[in-house]
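For reference, the structure discussed in these notes is given below.
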Amino acid sequence: MKWEDLRRSKNVQDRRGQSSGRPSGMNRSGGGGLAPLLMMLLSGRGGKFGIVIIILLFLFGGGLSGLFDSQSTVPTDNSISYQESRQVDQETYSPNSGISNDATEAEVGFLSAVLGSTEDFWGEMLPQYDMEYQPAQLIIYSDYQQTGGCGLGSAAAGPFYCPPDSSIYIDLSFYRDLSSKYQAPGDFAMAYVLAHEVGHHIQNEIGVMDSYQQAVSQTRSEAARNQLNVRLELQADYLAGVWAHYAEEQGLLELGDLEEAMQAAHAVGDDTLQEQAYGRVVPDSFTHGTSQQRQAWFMRGYEYGDLEHGDTFNTLLPGESY
Ligand SMILES: [Zn+2]
């Protein structure tokens, strides 16, 4: 992607090295904030406010708007993944090799440029639908980060969006995981990841997130709730594709960029992740869609470049039948 000449977004907060609230023996996002609140409720000091927070944690705490279901990902072993990273990088993608300061500065610059491009695009697009665009914040962190309403974010959970504080959380280690663990190298793979999280912010801005929460609260079966989550995620993929359409129009795409995004969308599909982690797949437990669905909705957004064709909630999904 030709990003060097793009303006850098001002909505980036670099909090690397300021790890906050490291939990003891807990690495799942959301869990960190829950225990003290439960204590507060049990001791009768929480009141209604506490209950609301508990519900919010229930809704968002598990990395609801993450890139993938963090529970079905391959276990992390840094020593192994860095080794793999070097091997992969030799053949494919050099900017991510090693973990030098220069490399991470380039990654921050890249993310700031891509975020700036999404801001320019959505800032033009939403007014066409009589809506205003308030940009999201991008929090770049390392290890653990306390969010504003989604519990404790952890690098192990991958990139995620937190609706209550309208912020996207990314640990740069994921940049390297993409090319090593997920075998989706290339800068546009990471652009897709960020554009997907911005897609969740668009959903928050235009009210889809509210409708989704309402629907979830009225749904009893877990399989049906998972299905709603799949539709939310596929729409974020669609919106990432819509931005890619704009990037193409702006002449920012290079040969192979689309393939990089498609490879990343494939890598974070539920079936692919579950197959890798457990050697089998459980479709009822899917929360983000299959690799094929994620690719299809990204491409659909890329082809149409509008909001009209992205209603994943009332559309028969590719691969589904009556
Ligand atoms: Zn997502």
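The values are calculated or read from the model by the stated rules, or taken from the named source; none is laboratory data. Owing to the predicted nature of the structure, the values given are computational and were not obtained by experimental measurement. We place every Cβ from the backbone using ideal geometry, glycine too, and count neighbours over all the protein chains shown.
What to note about this one:
- Pairs, first free of Cβ contacts under 8 Å to residues at least 60 places away in the same chain and more than 9 Å from residue 242 (Cα to Cα) in segment 286-313, second part of a helix (DSSP H, G or I) and away from the ligand (no atom under 14 Å from the Cβ), C-beta under 7 Å, six or more apart: 290/271; 291/266; 291/271; 291/272; 295/262; 295/266
- Among the residues of segment 230-238, not a single one is away from the ligand (no atom under 16 Å from the Cβ) and among the small types (Gly, Ala, Ser).
- Single match in 208, 216 (criterion: under 24 Å from residue 271 (Cα atoms) and β-branched (Val, Ile, Thr)): 216
- Taking segment 210-229 as the range and being more than 16 Å from the ligand (Cβ to nearest atom) and in a helix (DSSP H, G or I) as the test, the residues that pass are 210, 211, 214, 215, 217, 222, 223, 224.
- Here segment 149-163 is the region considered, the condition is being closer than 16 Å to residue 17 by Cα and part of a strand (DSSP E or B), and the residue that is nearest to the ligand (Cβ to nearest atom) is 153.
- Meets criteria (assigned to a loop (DSSP other than H, G, I, E, B) and closer than 18 Å to residue 261 by Cβ) for residue 182: yes
- Residues located in segment 135-150, provided they are crowded, with 20+ Cβ neighbours inside 10 Å and closer than 17 Å to residue 172 by Cα: 138, 139, 140, 141, 144, 145, 147
- Check on residue 173, over 23 Å from residue 243 (Cβ atoms) and of a type in the set (Gly, Ala, Ser): yes
- Scan of segment 128-163 for residues that are out of contact with any Ser or Thr (no Cβ under 8 Å at 6 or more places or on another chain) and more than 17 Å from residue 193 (Cβ to Cβ), ordered by number: 128, 129, 130, 131, 132, 133, 149
- The residue of segment 168-190 that is nearest to residue 149 (Cα to Cα), among those that are among the hydroxyl-bearing types (Ser, Thr, Tyr) and in contact with a Ser or Thr (Cβ under 7 Å, 6 or more places away or on another chain), is 169.
- Checked against the criterion of being among the hydroxyl-bearing types (Ser, Thr, Tyr), out of contact with any strand residue (DSSP E or B) (no Cβ under 6 Å at 6 or more places or on another chain) and over 14 Å from residue 69 (Cα atoms), segment 256-279 contains not a single residue that satisfies it.
- Residue within segment 172-185 that is modelled with pLDDT of 95 or more, surrounded by fewer than 23 Cβ atoms within 10 Å (Cβ to Cβ), out of contact with any Cys (no Cβ under 6 Å at 6 or more places or on another chain) and charged (D, E, K, R) present: no
- Filter result (more than 11 Å from the ligand (Cβ to nearest atom) and in contact with a Pro (Cβ under 9 Å, 6 or more places away or on another chain)) within segment 196-209: 204, 209
- Complete set of residues in segment 143-185 that are touching a helix residue (DSSP H, G or I) at 6+ places or on another chain (Cβ under 7 Å) and among the small types (Gly, Ala, Ser): 148, 149, 151, 155, 156, 157, 158, 166, 173, 179, 180, 184
- Unique residue being in contact with a helix residue (DSSP H, G or I) (Cβ under 6 Å, 6 or more places away or on another chain), assigned to a loop (DSSP other than H, G, I, E, B) and at pLDDT 95 or above when the list is 301, 251, 310, 241: 310
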